[in-house]
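Have a look at the structure below before the remarks.
No lab work stands behind these numbers, since they all come straight from the coordinates. It should be emphasised that the depicted structure is a prediction, and the values quoted were computed from it without experimental measurement. Counting neighbours? That spans all protein chains shown, and the Cβs are built from the backbone with ideal geometry, glycine included.
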Amino acid sequence: MTKFAGMKRSSLLRIAGVGKAYAAKIELWQKDASFADETEWVGEMIVSDAERMLELIRQIQALDAKIEATAASSVIATRLRTITGFGPVCSATLAAEIGNLDRFEKKRASLCMLV
């Protein structure tokens, strides 16, 4: 962590996820950065947590891609995607809940017989 406080702009920009705007914010922080004595042993935990978060983000992105690919072959999910606010995950989830539309046809036929 203490090394991070002294990094130059060019080094900051080589960090994944750090663009010009974020690098500028880091540079502002660097001017007043101070660290507690515990920083040395806490730093490893922070790095470990950050690596785990990045891995979870990658896993979520991979699952989202699988959901989107699967939903593309669903007529219901494809129709739901045309509704504003329904993204791939929402439409795939609702399509899975609905299942096969044939089950609604049978209920409609039985209701018609009652009338």
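Worth a mention:
- Listed by first and then second residue, the pairs linking a residue in region 42-55 that is farther than 17 Å from residue 18 by Cα and free of Cβ contacts under 8 Å to residues at least 24 places away in the same chain to a residue that is acidic (Asp, Glu) and assigned to a helix (DSSP H, G or I), with Cβ atoms under 6 Å apart and 6 or more places separating them unless they lie on different chains, form an empty list.
- Which listed residue, of 48, 73, 34, 10, is over 30 Å from residue 95 (Cβ atoms), part of a loop (DSSP other than H, G, I, E, B) and polar (S, T, N, Q): 34
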